[in-house]
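First the structure, in the form of structure tokens, and then the observations on it.
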Amino acid sequence: MKKVISMVGTSIITNVLEEEEGLYNYYDELRDKSYSDWEYYERKIRKIKDGVLEYLKDDENFEKASAEIESILEISKKYKDENKKVYLLTTDTILSYLSAEIIKTIFEEYVENSDIEIKIHLVKSLNVNENFVEGLNNLIGKIENIAGGYYENLIFNITGGYKGIIPYLTIMAVVNECEIYYIHEESNKLIRIPQIPLKIDYNLFEKYEELIIKLENGIESYQKLKVENYRACEKLEKSGLVEIVDDIAFLSPIGRILFNRYKGQFVYFYATDEIYKDIKNKKEIMRILKSKFFENYNSKTQDKSGHLVYDDGNNQNRIFYFKDGDEIYIYKVFEDHDKYEKYLNSEKFTNEFKESYKNLSKLRRIKKEE
């Protein structure tokens, strides 16, 4: 399955305005309006949508009605033998989201024999105002969720959308070794941007990983923390990895892209010192954690008397764990069936145990198998 990331601008609307001047007043009133105002302006939104679709229905060249449509169709031809899903990512504005709805309708109703599935995703706070950095981080998070950790089938279409976002999308694509395409506006040809032989020095992330993880979640009273960690904070700031707003510091969009790539080399979980030592001493458990546990635990977990147990199949390897939000806590591992049965029959999983174990656990990481 090829997943195509495509930002959405408003050219599908503005191109039609040149011919349908009656829509201009509606467009002008909706310009820069936040998506949160959608319900208030719904009648005018409907006027624009119906007007654009009606105009394009009689246009033999509707496929060239916007850069997004033309580029998606060309990318689709290039991957004609593969399943495709296109993710239209919109800014947090009425007109961007409306444009995505129009494009989706065109693919569903106007394009003959289309095998492209279209999904629309609005990116909160992504606009040109003071929340732009917050919006960029939301955009990066949205793409991470779409990728699901697998970037090899992700394609970045950088043809449409707000041009201030394109550099970040390009960096994200290059760092994760994704295909990048755009339609050149003069030649109307699909151009593939070649892979750049990029080598990233991850020593900075390894050295200051604990601080960078805090920046991911946001650090309040940052100046106080900086006094205690001056050299580390200065280094990260000079490297462009830190954004500071009103003494709250957080990872910059570029920092997030690079750090997520760095983290992609590892699997992360929580465990106490005792259990982590036991894990490292068990060769098969280490192999499972490195290679398949985090991909397969949803389908290979059984509820055993209240315990969540990862069953590795026709062998004696078992992993006891629980989740707290998105975090995984591993609290017992076995490579011996008799010991596993004895533990299962003698120990109960309770909320008291869970809270106690969380308090004693530390974040662990293991490098994935290559």
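The values are calculated or read from the model by the stated rules, or taken from the named source; none is laboratory data. Treat the numbers as computed from the prediction; the structure is a model and nothing was measured. Positions of Cβ are generated from backbone atoms using ideal geometry, with glycine treated the same way; all protein chains shown enter the neighbour counts.
Numbers below:
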quantity	calculated
Within the stretch 26-54, tally of residues that are part of a helix (DSSP H, G or I) and either surrounded by 13 or more Cβ atoms within 10 Å (Cβ to Cβ) or in contact with a strand residue (DSSP E or B) (Cβ under 7 Å, 6 or more places away or on another chain) (or both)	13
Qualifying residue in the stretch 92-107 (condition: outside any helix (DSSP H, G or I) and under 22 Å from the mean Cα position of the chain (by Cα))	yes
Boolean, residue 15 is surrounded by fewer than 20 Cβ atoms within 10 Å (Cβ to Cβ), modelled with pLDDT under 90 and in the same structural domain as residue 181 (by TED's automatic domain parsing)	yes
Any hit, the stretch 351-360, residues being over 30 Å from residue 140 (Cβ atoms), crowded, with 17+ Cβ neighbours inside 10 Å, of a type in the set (Phe, Trp, Tyr) and modelled with pLDDT of 95 or more	yes
Output for the stretch 218-238, where each listed residue is surrounded by 15 or more Cβ atoms within 10 Å (Cβ to Cβ) and hydrophobic (A, V, I, L, M, F, W, C)	219, 225, 232, 233, 236
Cβ-Cβ under 7 Å pairs, at least 6 apart or on other chains, the stretch 317-343 side over 18 Å from residue 274 (Cα atoms), far side part of a helix (DSSP H, G or I)	317/284; 317/285; 317/288; 324/358
Candidate set: the stretch 73-91, residues that are more than 18 Å from residue 182 (Cα to Cα) and over 21 Å from the mean Cα position of the chain (by Cα); chosen: the one surrounded by the fewest Cβ atoms within 10 Å (Cβ to Cβ)	81
Residue 262 part of a helix (DSSP H, G or I) and buried (at least 16 other Cβ atoms within 10 Å of the Cβ)	yes
Given (1) modelled with pLDDT under 90; (2) assigned by TED's automatic domain parsing to the domain that holds residue 127; (3) in contact with a helix residue (DSSP H, G or I) (Cβ under 9 Å, 6 or more places away or on another chain), number of the condition residue 171 does not satisfy	(1)
Of all residues in the stretch 136-190 being assigned to a loop (DSSP other than H, G, I, E, B) and hydrophobic (A, V, I, L, M, F, W, C), the one that is farthest from residue 202 (Cα to Cα)	158
Criterion violated by residue 9 - all others in (1) modelled with pLDDT of 90 or more; (2) in contact with a Leu (Cβ under 6 Å, 6 or more places away or on another chain) satisfied	(2)
Residue that is of a type in the set (Phe, Trp, Tyr), in contact with an Asp or Glu (Cβ under 6 Å, 6 or more places away or on another chain) and modelled with pLDDT of 90 or more, where the choices are 41, 79, 35, 27	35
Residues satisfying the stated conditions in the stretch 128-165, i.e. free of Cβ contacts under 8 Å to residues at least 24 places away in the same chain and more than 23 Å from residue 249 (Cβ to Cβ)	145, 148, 150, 163
Residues satisfying the stated conditions in the stretch 133-167, i.e. over 28 Å from residue 82 (Cβ atoms) and among the aliphatic types (A, V, I, L, M)	133, 136
Answer residue from the stretch 115-147, given it is small (Gly, Ala, Ser) and buried (at least 16 other Cβ atoms within 10 Å of the Cβ) and is farthest from the chain's Cα centre (by Cα) among those	125
Leading residue by the ranking (farthest from the chain's Cα centre (by Cα)) among those in the stretch 201-217 that are aromatic (Phe, Trp, Tyr) and crowded, with 18+ Cβ neighbours inside 10 Å	208
